[in-house]
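The values are calculated or read from the model by the stated rules, or taken from the named source; none is laboratory data. Everything numeric in this text was worked out from a predicted model, so none of it was measured. No Cβ is skipped: glycine too gets one built from the backbone with ideal geometry, and neighbour counts run over all protein chains shown. Accessible surface is based on the protein model in full, side chains and every heavy atom, while ligands, DNA and RNA are left aside. Shrake-Rupley method; radii C 1.70, N 1.55, O 1.52, S 1.80 Å.
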There are 2 protein chains.
Amino acid sequence: MDAIRTASGVPLKRLYQIFPSKNSLIEAYLRRRDARWLRNLAEYVDTYDAPEQRVLAVFDWLFLWFNEPDFRGCGFINAFGELGATSQEVADIAKAHKDAFRRCLADLVAAADAPAWLTDQLVLLAEGAMTTAAISGSPEPARHARDAARVLLPVAHAAASPLPEQAVALAHNPAPVSPGGTTTR
Amino acid sequence: MDAIRTASGVPLKRLYQIFPSKNSLIEAYLRRRDARWLRNLAEYVDTYDAPEQRVLAVFDWLFLWFNEPDFRGCGFINAFGELGATSQEVADIAKAHKDAFRRCLADLVAAADAPAWLTDQLVLLAEGAMTTAAISGSPEPARHARDAARVLLPVAHAAASPLPEQAVALAHNPAPVSPGGTTTR
DNA sequence: CATCTGAGAAAACGCCCGTTCTCCCACGGT
DNA sequence: ACCGTGGGAGAACGGGCGTTTTCTCAGATG
């Protein structure tokens with residue numbers, strides 16, 4: 001609080017007029033961050049035209065983000081880990097943010113004529129890249145996620161195309177895989 | 001502190017004899033958790049024999065973990081988000097834990113005759129599943145991660161096998177993908 | 001039996017920090 | 001010029017909590 005007062009120059013009195021409590025300030029901050037983050041991502045993706053490129057652009061953008069000097073991981077993941085157990089409001093905002101990100105990705109996946117289940121897989125790659133980049137302190141996870149997406153995208157696309165034999169062939173390709181578990185959801 | 005005292009029944013005095021400060025207690029807790037987590041994972045994986053199944057078993061185990069009633073996400077990710085910026089010690093423990101997990105996965109990948117770079121991709125799927133499961137409150141991300149791994153594993157295996165044409169065929173399968181960026185790192 | 005040691009229980013301290021209160025000045029109306 | 005209002009700056013309050021201290025007593029020792 002005092003640090004914010006000092007940094008912003010806004011007197012404490014006014015601060016409490018605008019935000020009745022510290023929590024409400026945090027929530028407002030997270031909401032603002034949510035909007036800006038999604039907007040920046042969308043703007044970057046929009047510099048590409050080809051649907052497949054637009055999907056992969058998400059991971060290129062992550063790489064740029066991870067390279068920012070003050071990158072400290074996804075603020076929503078951090079906030080959820082710290083406050084999610086005590087503040088339902090913060091938990092909800094984090095959940096809403098991740099849902100919005102998922103919808104964004106789902107749109108890109110749909111535009112690339114890939115099946116919807118690819119979305120969930122790409123979300124995991126992106127989220128995993130965020131936490132791994134934060135903890136390891138390296139931007140490389142974005143590249144690894146992109147590499148994985150480059151594999152998953154065509155496979156998913158083939159699975160959705162009118163030639164299902166391709167998907168089947170890919171599914172149990174050379175190496176036989178565990179019997180349990182369904183492939184789509 | 002007081003809650004720990006109450007819950008454990010250990011008097012505060014003795015607590016401070018064993019752990020000079022709250023931080024040292026937290027660090028000890030994280031170290032113990034680190035060992036237990038990796039041991040549980042290894043024990044579960046060891047119930048399988050086939051190398052490919054052992055890789056996928058990691059995600060089955062994640063599913064079991066996510067279904068535990070008090071699952072609140074990966075404690076190391078949470079601790080890093082909350083304390084990583086202020087406590088170098090906590091940051092190091094989190095990093096060490098994730099490194100150990102990565103090594104565990106790398107061994108499984110090597111045993112399945114898959115190239116090393118698959119490890120990084122599986123790590124991202126697992127980490128992403130942890131955070132997504134925590135925030136969404138659902139265990140399903142484990143299944144999605146497993147589905148993705150089921151696709152990546154045979155492709156990677158094929159890429160490492162002495163028939164590189166398969167990998168190339170898979171790489172630019174039906175849908176051409178973004179020109180920029182290298183495939184392996 | 002007297003005494004000393006060490007552990008247990010809980011009160012007390014001190015600090016941090018979110019929140020509120022007080023003081024003071026500048027400005028606008030009459 | 002006088003006075004009331006509103007906003008700025010910082011001190012002050014209060015609770016929470018990590019840490020320390022005090023008090024007491026059980027058991028061992030000479």
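Worth a mention:
- Residue list for the range B:109-131, restricted to those being over 13 Å from the mean Cα position of the chain (by Cα) and not charged (D, E, K, R): B:Val109, B:Ala110, B:Ala111, B:Ala112, B:Ala114, B:Pro115, B:Ala116, B:Trp117, B:Leu118
- Pick from the range B:8-29, criterion among the aliphatic types (A, V, I, L, M) and within 10 Å of DNA strand D (Cβ to nearest atom), ranking: nearest to B:Phe63 (Cα to Cα): B:Ile26
- Sub-9 Å Cβ pairs linking a first residue in the range A:1-23 that is among the hydroxyl-bearing types (Ser, Thr, Tyr) and modelled with pLDDT under 90 to a second residue that is within 8 Å of DNA strand C (Cβ to nearest atom) and assigned to a helix (DSSP H, G or I), at least 6 apart or interchain, are A:Ser8/A:Leu15, ordered by first then second residue.
- Evaluation of A:Ala50 against (1) without any contact (Cβ under 8 Å) to a residue 24 or more places away in the chain; (2) surrounded by fewer than 16 Cβ atoms within 10 Å (Cβ to Cβ); (3) more than 23 Å from B:Phe80 (Cβ to Cβ) (one fails), failing number: (2)
Residues checked against (1) charged (D, E, K, R); (2) part of a helix (DSSP H, G or I); (3) touching a Cys at 6+ places or on another chain (Cβ under 6 Å); (4) closer than 24 Å to B:Cys74 by Cα:
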| site | (1), (2), (3), (4) |
| --- | --- |
| B:Ile4 | no, yes, no, yes |
| B:Glu27 | yes, yes, no, yes |
| B:Leu41 | no, yes, no, yes |
| B:Tyr44 | no, yes, no, yes |
| B:Asp49 | yes, no, no, no |
| B:Glu52 | yes, yes, no, no |
| B:Ala57 | no, yes, no, yes |
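- Yes/no for A:Arg32 being more than 14 Å from every other protein chain (Cβ to nearest Cβ), in a helix (DSSP H, G or I), more than 13 Å from DNA strand D (Cβ to nearest atom) and free of Cβ contacts under 8 Å to residues at least 24 places away in the same chain: yes
- Within the range A:35-57, being more than 11 Å from every other protein chain (Cβ to nearest Cβ) and either touching a Pro at 6+ places or on another chain (Cβ under 9 Å) or among the β-branched types (Val, Ile, Thr) (or both) holds for A:Val45, A:Thr47.
- Residue ID - most open to solvent (accessible area, probe 1.4 Å), chosen from residues in the range B:61-74 that are over 16 Å from B:Asp34 (Cα atoms) and assigned to a loop (DSSP other than H, G, I, E, B): B:Pro69
- Residues satisfying the stated conditions in the range A:135-156, i.e. more than 7 Å from chain B (Cβ to nearest Cβ), in a helix (DSSP H, G or I) and under 15 Å from the mean Cα position of the chain (by Cα): A:Ala142, A:Ala149
- Considering (1) out of contact with any Ser or Thr (no Cβ under 6 Å at 6 or more places or on another chain); (2) open to solvent by 10 Å² or more (accessible area, probe 1.4 Å); (3) within 9 Å of another protein chain (Cβ to nearest Cβ), the lone condition that A:Ala129 does not fulfil carries the number (2).
- Total residues in the range B:75-127, condition of a type in the set (A, V, I, L, M) and under 15 Å from B:Arg33 (Cβ atoms): 8
- Check on A:Glu27, among the charged types (D, E, K, R), within 16 Å of DNA strand C (Cβ to nearest atom) and in contact (Cβ under 8 Å) with a residue 40 or more places away in the chain: yes
- Verdict on B:Val45 being within 16 Å of DNA strand C (Cβ to nearest atom) and not hydroxyl-bearing (Ser, Thr, Tyr): no
- Exactly one residue among B:Ala110, B:Ala169 is at pLDDT below 60 and either more than 13 Å from A:Asp147 (Cα to Cα) or outside any loop (DSSP other than H, G, I, E, B) (or both), and that residue is B:Ala169.
- Of all residues making up the range A:69-96, the number that are over 17 Å from B:Gly73 (Cα atoms) and either at the interface with chain B (Cβ under 9 Å from one of its Cβ atoms) or modelled with pLDDT under 95 (or both): 3
- Within the range A:1-47, if we keep just the residues that are over 30 Å from A:Ala111 (Cβ atoms) and among the acidic types (Asp, Glu), the residue that is surrounded by the most Cβ atoms within 10 Å (Cβ to Cβ) turns out to be A:Glu27.
- Here A:Ala85, A:Ala100 are screened, and the one residue that is touching a helix residue (DSSP H, G or I) at 6+ places or on another chain (Cβ under 7 Å) and surrounded by fewer than 17 Cβ atoms within 10 Å (Cβ to Cβ) is A:Ala100.
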